[in-house]
Amino acid sequence: MKQKDPPISVALKQAMKSIRMRMLRQFATAFGVLLGIAFYASVRTSLALSESDPEAVEGAVKLRWLVFLSLLMCLVGITNAMLMSVTERYKEIGTFKCLGATNSFIVKVFFLEALLIGVLSSTAGAFLGFGIMVAVRVFTDGASSLSALGSGSLPILLSAIGIGTLITILAAILPAIQAARMPAAAALRVEV
Amino acid sequence: MEASRALESELIVRTRGVKKTYHLGDEVVHALRGVSLDVQRGEYVSIMGPSGSGKSTLFNMVGGLDKPTEGSVYINEVDIAQLSPPELAYLRNRTIGYIFQTFNLIQVRTALENVTLPMLFAGLSADEADEKGFLLLESVGLGERLHHRPTELSGGQQQRVAIARALANDPAIILADEPTGNLDLKTGKEIIDLLRKLNEEMGVTIISATHDLKMLDVSDRIVYVRDGEIAKIETRAELDLQIGEVEGIGEEKW
Ligand SMILES: Nc1ncnc2c1ncn2[C@@H]1O[C@H](COP(=O)(O)OP(=O)(O)OP(=O)(O)O)[C@@H](O)[C@H]1O
Ligand SMILES: [Mg+2]
């Protein structure tokens, strides 16, 4: 007989409890995502704002590099945070397996946790980075200078949220799959 | 032939030549060196042995938590090495209940939630699970502690939750690895009595690794493990004969 997964609500409840009970830990993870994405969104925003400005073209090349660097920073920071949060929970993963959880249930829990944290912190980060750049621009050059942004703000915000969420999920789910696949005895032995 | 088959079906756990070897760099550790053990349905078996003798390793093999390097483990005459991961999950969920020295409760969930998780995995609705979980926690004396999290419970209480959780899907076997190892004398005694009661009243087969001499009193059989091998098996009848010497068993035999 094969074990079937319980309704998704069971995994969702576990994910939410896990976030709530590990508030401090999860806050640190979320903050890492938020900072990375805020940096990315701010670089993208200032790039968009300076696009129509011929004097800034040279600076724009530098800024494109910064976009790349900011993404790299996001990736490293988020991966590190998520990797830690999975590793800390090997024993819990082993226990879940003893209770009859399938590998896919375990991965689902980590997926949902990462999805919730990823969406919330990337959204906050995107608006923070975008907002700061816009505010600085309005303060220095007046509100009219924002016209350069045109319809560019939506893609910036969406891409920041999308990238942040995607990295967070990937960074959590790859180690979670690996942990779920290892023999339960090995997972149970890990003491952190 | 008929008779022997009928007898066989009463063997709920069978291990045949189970070996487990760990490699730590260049060093090779023979945790189990060929263990063959039969456990009857409804038996209470204690596995005794000094630290490092292979009790936990055997526990892992029998519980389908790890695979033997060589040899086979049969649960209800099914070779568990042949099971796919979802089939193993099914076995862990319905056939076996696990109890650990360190309790291993899910820290972020309440006592009741810990007990109901295996039921939700088995497909029960949340209401059915809550109802049964409440009855189970009540039966281990924790009817008042349903919504406490593990950190808000004493060791003995946590172990009771773990026992209630192990019973969630009416398993045929309870596997316990030093269930009293982290408890004081009195609490340990209570846990042992609880296990004995389950064994007698519900017919659950209990296999428990232990250092605890109090376990001897309640076991049908005691399997002495030493250095990865079965050194000796003693039945309750044999034990009763030498009851006067029971004190000595713990020290002398190893
Ligand atoms: N994952 C592992 N990797 C390497 N060696 C291991 C591993 N697990 C167990 N061992 C070794 O196998 C032997 C048996 O260990 P096991 O944990 O089964 O003993 P035990 O009888 O349960 O001891 P204790 O009473 O202290 O719990 C020991 O020498 C131990 O060091
Ligand atoms: Mg042990």
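The values are calculated or read from the model by the stated rules, or taken from the named source; none is laboratory data. Every value quoted in this text rests on a predicted model; they were computed, and no experiment measured them. Ideal geometry is used to build each Cβ from the backbone, glycine not excepted, and the neighbour counts take in all protein chains shown.
Of the residues that sit in the range B:165-194 and are in a helix (DSSP H, G or I) and modelled with pLDDT of 95 or more, which one is farthest from ligand 2 (Cβ to nearest atom)? For the range B:165-194, the residue satisfying everything is B:Arg165. The lone criterion from (1) assigned to a helix (DSSP H, G or I); (2) within 16 Å of ligand 2 (Cβ to nearest atom) left unmet by B:Tyr224 is number (1). Within the range B:149-157, is there a residue that is within 20 Å of A:Met21 (Cβ to Cβ), in contact with a helix residue (DSSP H, G or I) (Cβ under 7 Å, 6 or more places away or on another chain), within 13 Å of chain A (Cβ to nearest Cβ) and of a type in the set (Lys, Arg)? No, the conditions are met nowhere in the range B:149-157. Within the range B:148-171, the set of residues being within 21 Å of B:Lys55 (Cβ to Cβ) and within 15 Å of the chain's Cα centre (by Cα) comprises B:Gln159, B:Ala162, B:Ile163, B:Ala166, B:Pro171.
Consider B:Leu91 carefully, then state whether it is in a loop (DSSP other than H, G, I, E, B) and at pLDDT 95 or above.
Values: in a loop (DSSP other than H, G, I, E, B): no; at pLDDT 95 or above: yes.
No: the conditions fail for B:Leu91.
Contact map, the range A:55-72: first residue under 23 Å from A:Gly164 (Cβ atoms) and polar (S, T, N, Q), second residue at pLDDT 80 or above and assigned to a helix (DSSP H, G or I), Cβ cut-off under 6 Å, separation 6 or more or different chains; pairs are A:Ser70/A:Phe39; A:Ser70/A:Tyr40; A:Ser70/A:Val43. Of the set (1) surrounded by fewer than 14 Cβ atoms within 10 Å (Cβ to Cβ); (2) of a type outside the set (Asp, Glu); (3) in contact with a strand residue (DSSP E or B) (Cβ under 9 Å, 6 or more places away or on another chain), all apply to A:Val61 but (3).
Tell me, which residue of the range B:20-61 that is within 14 Å of another protein chain (Cβ to nearest Cβ) and surrounded by fewer than 13 Cβ atoms within 10 Å (Cβ to Cβ) is nearest to ligand 1 (Cβ to nearest atom)? Result: B:Tyr22. Filtering A:Ala160, A:Ala148, A:Ala135, A:Ala124 for residues that are modelled with pLDDT under 95 and within 23 Å of the chain's Cα centre (by Cα) leaves a single hit, A:Ala160. Restricting attention to the range B:25-63 and to residues that are of a type in the set (S, T, N, Q) and part of a helix (DSSP H, G or I), the residue that is nearest to ligand 2 (Cβ to nearest atom) turns out to be B:Ser56. With respect to (1) within 16 Å of ligand 1 (Cβ to nearest atom); (2) surrounded by fewer than 19 Cβ atoms within 10 Å (Cβ to Cβ), the lone exception for B:Thr187 is condition (1).
Could you tell me whether B:Val108 is assigned to a loop (DSSP other than H, G, I, E, B) and either away from ligand 1 (no atom under 16 Å from the Cβ) or at the interface with chain A (Cβ under 10 Å from one of its Cβ atoms) (or both)? It would help to see each step written out before you state the result.
Details: assigned to a loop (DSSP other than H, G, I, E, B): yes; either away from ligand 1 (no atom under 16 Å from the Cβ) or at the interface with chain A (Cβ under 10 Å from one of its Cβ atoms) (or both): yes.
Criteria met by B:Val108.
Checked against (1) facing chain A (nearest Cβ under 8 Å); (2) at pLDDT below 95, B:Glu77 meets all criteria but (1). In the condition set (1) assigned to a loop (DSSP other than H, G, I, E, B); (2) surrounded by fewer than 18 Cβ atoms within 10 Å (Cβ to Cβ), B:Leu135 is compliant with all but (1).
Identify all residues within the range B:195-221 that are assigned to a loop (DSSP other than H, G, I, E, B), more than 30 Å from B:Leu124 (Cβ to Cβ) and away from ligand 2 (no atom under 16 Å from the Cβ); write none if there are none. Don't jump to the end; show me each part of the working.
From the range B:195-221, those assigned to a loop (DSSP other than H, G, I, E, B) are B:203-204, B:211-213, B:219-220; that's our starting set.
Restricting the remaining residues to those that are more than 30 Å from B:Leu124 (Cβ to Cβ) gives B:211-213, B:219-220.
Across the range B:195-221, the qualifying residues are B:Leu213, B:Ser219, B:Asp220.
Being surrounded by fewer than 20 Cβ atoms within 10 Å (Cβ to Cβ), within 14 Å of chain A (Cβ to nearest Cβ) and within 14 Å of ligand 1 (Cβ to nearest atom), is that true of even one residue in the range B:81-103? Checking the range B:81-103: at least one residue is surrounded by fewer than 20 Cβ atoms within 10 Å (Cβ to Cβ), within 14 Å of chain A (Cβ to nearest Cβ) and within 14 Å of ligand 1 (Cβ to nearest atom).
Considering the range B:62-74, the residues that are away from chain A (no Cβ under 11 Å) and surrounded by fewer than 22 Cβ atoms within 10 Å (Cβ to Cβ) include one that is farthest from ligand 1 (Cβ to nearest atom), namely B:Tyr74.
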